[in-house]
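Q: To start, I am sharing the structure in question, which I have written as structure tokens.
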Amino acid sequence: MSGRRELTPTAGRRVGGCGGRERRLNGGARIQAQAVPARRRRMGSTDMSKQSLADLESLARELRKPEPEVRTMAFEAGLRQLRREHSLGRYLRGELTRRQAIEDIGIWVELAERQHTAMKEDLAWAMSD
């Protein structure tokens, strides 16, 4: 494996044994640098497009819906996720009030707060040794 590194989300926990550096994304999410398998690095945009098309075809078959409808569903789901992440980031940076964030993305605010509290408790426990 070469020394190339990629940043991947760690959901508030440090990935052990990789010796990478931690950084924070816009929304305050912690990320950890990890080595990327050579097989995955070689995947170009063409390979990714082929995989995406295969996934799309498979989902269309499984859902028994036409591909254009499944593509629309995937696009809309992606937009919702991007909106949610953007709004959570703004809330965590103090750019939105809690009320505004809840109006925008609902229960996700409470879930993020619970995760943040759990992370602080884990950190306090780890630092107590």
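Q: Quick test for you: out of Met73, Met119, pick the one residue that is in contact (Cβ under 8 Å) with a residue 40 or more places away in the chain and either assigned to a loop (DSSP other than H, G, I, E, B) or not acidic (Asp, Glu) (or both). Give the derivation first.
A: Values: Met73 fails: in contact (Cβ under 8 Å) with a residue 40 or more places away in the chain.
Criteria check complete, one pass: Met119.
Every residue, every condition in (1) under 30 Å from Ala54 (Cβ atoms); (2) touching a Phe, Trp or Tyr at 6+ places or on another chain (Cβ under 6 Å); (3) acidic (Asp, Glu), yes or no:
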| position | (1), (2), (3) |
| --- | --- |
| Phe75 | yes, no, no |
| Arg80 | yes, no, no |
| Arg83 | yes, no, no |
| Thr97 | no, no, no |
| Ile105 | no, no, no |
| Glu110 | no, no, yes |
| Glu113 | no, no, yes |
| Glu121 | no, no, yes |
| Trp125 | no, no, no |
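Q: Between Gly106, Gly94, Gly78, which is small (Gly, Ala, Ser) and loosely packed, with under 10 Cβ neighbours inside 10 Å? Don't jump to the end; show me each part of the working.
A: On the way: Gly106 fails: loosely packed, with under 10 Cβ neighbours inside 10 Å; Gly78 fails: loosely packed, with under 10 Cβ neighbours inside 10 Å.
So the residue among Gly106, Gly94, Gly78 that is small (Gly, Ala, Ser) and loosely packed, with under 10 Cβ neighbours inside 10 Å is Gly94.
Q: Continuing with this model, one more query. Being in a helix (DSSP H, G or I), aliphatic (A, V, I, L, M) and touching a residue at least 24 places away in the same chain (Cβ under 8 Å): is that true of Leu88 here?
A: yes
Computed from the coordinates by the stated procedures, all read-outs in this text should not be read as laboratory data. None of these values were measured; they are calculated from a predicted model. Cβ sites come from the backbone with ideal geometry, for glycine too, and all protein chains shown count toward neighbours.
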